[in-house]
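Below is one structure, written out as structure tokens; comments come after it.
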Amino acid sequence: MAKIGLLFPGQGAQYVGMGQDLARRYPKARALFAEADAALGFPLSELCFTGPEEELTLTANTQPAILATSIACWEILKDYGVEPAVTAGLSLGEYSAHVSAGTLDFAEAVRLVRKRGEFMESAVPSGQGTMAAVLGLSREEVEEVCRAAAGMGVVEPANYNCPGQIVIAGETAAVTAATELALARGAKKVIPLKVSGPFHSRLLAPAGERLAGELARVSLSDPDLPVVANVTAQYVRDKEEVKDLLVKQVSHPVLWEDSVQRMLADGVDTFIEVGPGRALSGFVKKIDRRARCLQVGDLSSLQNTLAELEGVG
């Protein structure tokens, strides 16, 4: 039997049309999108299915849109009898992971991540903070580059995605300085990210404080299956830990490589990326090329994944 880890995507995975074919084919997916629309008081499903793209890519819209699409994909998979051993999600995806684990109610999660998006977007004035992906340097080298650029302002590692890909975040001048230092140090490439703020850096601490106020009003349950937390790369099994970790997550680095290594060490051999995009599968393959990576984001990928799972079951 395959030992399955579910992986849920974060911001950047969105595209116009996501979830539409699944909602047409599966009443459960349709009902989930309708529940998300009702929770937010506007037609999120229309944004997912038909755009416009510039509206969908606004952080406060993107976050609930990706969560709703991801959970629609998961609920369909679950109905086919897929039983994961563990779950994790990148940044925003950690909320989807908690919904899949039963920690967090779906409608609550949709409302919460919309607020999270608003708080993250407004934490730093527009243009004052940014992010960049550094390719081809080790962790230690990226950390040294950030320390060397600190005279220009805050800059720090934000996402440890996989070997050779680390995202940095901070004040724009400091990120620019770190970019130049990284290239001088031998980075293959540094890619500026199209984001509305320096996510997962300490500059987002005000967003965490506002998020804590929202989370205080939310009722959580103990997870039904282990969730690997972004901030610690350790399993969360207790609802009391969850709120604190989700608050810290917006202003601390995402330990994605460590999270995948944790699952691999515990015998996970099959990863299913649940929701739009394939970025997480790419990261897993760079962490361990022997890992089996499947994806469910639309009808055709669902059918392919079910066929693969039947073959390895």
The condition from (1) surrounded by 17 or more Cβ atoms within 10 Å (Cβ to Cβ); (2) of a type outside the set (Ser, Thr, Tyr); (3) more than 14 Å from ALA133 (Cα to Cα) that ALA187 misses is numbered (3)
Being modelled with pLDDT of 95 or more and farther than 30 Å from ARG24 by Cβ narrows it down to one residue among ASP224, ASP238, ASP288; which is it? ASP288
If I filter region 163-182 for residues that are more than 13 Å from ALA132 (Cβ to Cβ) and assigned to a helix (DSSP H, G or I), do I get at least one hit? no
Examine region 2-20 for a residue that is modelled with pLDDT of 95 or more and assigned to a helix (DSSP H, G or I), and state whether such a residue exists. yes
Count of residues meeting criterion [of a type in the set (Val, Ile, Thr) and exposed (fewer than 15 other Cβ atoms within 10 Å of the Cβ)] in region 284-313: 1
Residue count, region 104-156 (criterion: acidic (Asp, Glu) and out of contact with any helix residue (DSSP H, G or I) (no Cβ under 7 Å at 6 or more places or on another chain)): 5
Tell me the residue from LEU215, LEU225 that is farther than 26 Å from VAL296 by Cβ, more than 16 Å from the chain's Cα centre (by Cα) and in the same structural domain as GLY93 (by TED's automatic domain parsing), please. LEU215
Region 184-205 - residue that is at pLDDT below 95 and small (Gly, Ala, Ser) and, of those, farthest from GLY170 (Cα to Cα): SER196
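A quick yes/no check of all residues on (1) closer than 27 Å to LEU225 by Cβ; (2) buried (at least 16 other Cβ atoms within 10 Å of the Cβ):
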| site | (1), (2) |
| --- | --- |
| GLY10 | yes, yes |
| GLN20 | no, yes |
| ARG24 | no, no |
| PRO27 | yes, no |
| ALA36 | yes, yes |
| ALA39 | yes, yes |
Only one of (1) surrounded by 16 or more Cβ atoms within 10 Å (Cβ to Cβ); (2) at pLDDT below 95 is not met by GLY127, so which one is it? (1)
In this structure, does TYR15 turn out to be under 16 Å from the mean Cα position of the chain (by Cα), in the same structural domain as SER251 (by TED's automatic domain parsing), surrounded by fewer than 24 Cβ atoms within 10 Å (Cβ to Cβ) and of a type in the set (Phe, Trp, Tyr)? yes
Among LEU40, LEU92, which is within 29 Å of SER259 (Cα to Cα), in contact with a Lys or Arg (Cβ under 8 Å, 6 or more places away or on another chain) and not polar (S, T, N, Q)? LEU92
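The values are calculated or read from the model by the stated rules, or taken from the named source; none is laboratory data. Because the structure is predicted, anything quoted here is derived from the model rather than measured. Methodologically, a virtual Cβ is constructed for each residue, glycine included, from the backbone with ideal geometry; neighbour enumeration extends over all protein chains shown.
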